[in-house]
Amino acid sequence: MKIVDAKVIVCCPGRNFVTLKLLTEDGIYGLGDATLNGRELAVAAYLNEHILPLLIGRDARRIEDTWHYLYKGAYWRRGPVTMSAIAAVDTALWDLKAKSLGVPLYQLLGGASRESVLVYGHAAGTDLDDTVRAVAHYAELGYKAIRAQSGIPGLAGTYGVGRGGTHYEPAEKGAPPENRWSTEHYLNFVPQMFSRLRKEFGPSIHLLHDAHHRLTPIEAARLGKELEPYHLFWLEDPTPAELQERFRTIRQHTTTPLAVGEVFNSIYDCQQLIEEQLIDYIRTSVVHAGGITHLRKIASLAEMYQVRTGAHGATDLSPVCMAAALHFDISVHNFGIQEYMPQTEETDKVFPHSYSFENGLMYPGDAPGLGVDIDESLAAQHPYQRAYLPINRKLDGTMHDW
Ligand code: CS2
Ligand code: MG
């Protein structure tokens, strides 16, 4: 099963996506997502200039060997660009292998460990009343787990707050939008928000919150402690995680479960967090953490320490990644939850897929491989448009995490 052709498809059906398509001599093709939000063309160039020439003529069945060939062979290891490029190749190879055997991918990953995949949606409002309405809307749509984000009194705009409806897209065309930030305003507001949400929605709905790396460990400890009465499913990215031992401080002070890892790209980024049980959920994704091959290794390490998976699934992860995530989620023993944000209609048309959502749960479907395709002629009608994620400044203008 030799690879005879490889191409990188960059398109913008509402937002930018980078997709790798590998074709074999048998006429079967596989797809992999390589989208790195705001830095898309770096991965496209890495693939086009440095990886594709190495793939032609290789045996598509040798997934593990190809992973190491690209990882060890590059000498320069890790990093989001390299690991997203390797992820795209790895995902496409798994897709190809499952298609060639005529089975949905999860059958090759050990088969289904559960009947469905629990997902959480994003409810966001400009103020508290608006956020209550957004959570109610998601509950009506059947979601059993809802992430709640809200505009903060006294701050003009806050990252994580959508633009109405169920669509949420942080990247913007043109220069990066600038938000203003005050930790004091934020810490005073968030416990009030969850107190209100629990009163309105009762104890059984799962509520989640993303702090988006904006706190210090001791601030995060305070927030976790104050949120304890509201029993969050998780508090996400309370503090930047470059220094993994920072989480010891948070952990000593609070029983609020912690989720981290959407920006990680290898097992080394979360090794200490997992081995010291400093987190409860690991959020690494197929596209940014080296593909299905590497993500399974992270999940296996996490399983030993009772850490569950909770993969990143925002709209900048394409339907190709979403499909791969669902095959991973349904098969891996220590699955926790999957993030899910519906894509725009144009995106769904460019990427027809067999996965489905029903009543707060998702299913990968039984089509061979990933069960997702790309309509290349439609993709060509949506050319790349440069876009950036926002930046965040404190009230005095100092750059801050966002
Ligand atoms: C967020 C994302 O989904 C999440 O939890 O943190 O919106 C994230 O910021 C974007 O996917 C970045 O590309
Ligand atoms: Mg997040």
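The values are calculated or read from the model by the stated rules, or taken from the named source; none is laboratory data. Everything numeric here is computed off the predicted structure, so don't read it as measured data. We place every Cβ from the backbone using ideal geometry, glycine too, and count neighbours over all the protein chains shown. In case anyone asks, the SASA skips ligands and DNA or RNA and just uses the protein heavy atoms, side chains included. Shrake-Rupley method; radii C 1.70, N 1.55, O 1.52, S 1.80 Å.
Annotations
- Annotation: of all residues in the range 94-112 being surrounded by 23 or more Cβ atoms within 10 Å (Cβ to Cβ) and touching a Leu at 6+ places or on another chain (Cβ under 7 Å), the one that is farthest from I28 (Cα to Cα) is L105.
- Criterion (open to solvent by 10 Å² or more (accessible area, probe 1.4 Å) and either in contact with a helix residue (DSSP H, G or I) (Cβ under 7 Å, 6 or more places away or on another chain) or hydrophobic (A, V, I, L, M, F, W, C) (or both)) met by exactly one of I28, I86: I28
- The set of residues in the range 269-303 that are surrounded by fewer than 21 Cβ atoms within 10 Å (Cβ to Cβ) and within 17 Å of L70 (Cβ to Cβ) comprises R296, K297.
- Some residue of the range 43-59 being in contact (Cβ under 8 Å) with a residue 24 or more places away in the chain and within 16 Å of ligand 1 (Cβ to nearest atom): yes
- Residues that are of a type in the set (D, E, K, R) and away from ligand 2 (no atom under 15 Å from the Cβ), drawn from the range 281-312: R296, K297, E303, R308
- Any hit, the range 334-357, residues being within 16 Å of ligand 2 (Cβ to nearest atom) and not assigned by TED's automatic domain parsing to the domain that holds S266: no
- So A314, is it more than 21 Å from D366 (Cβ to Cβ) and within 13 Å of the chain's Cα centre (by Cα): yes
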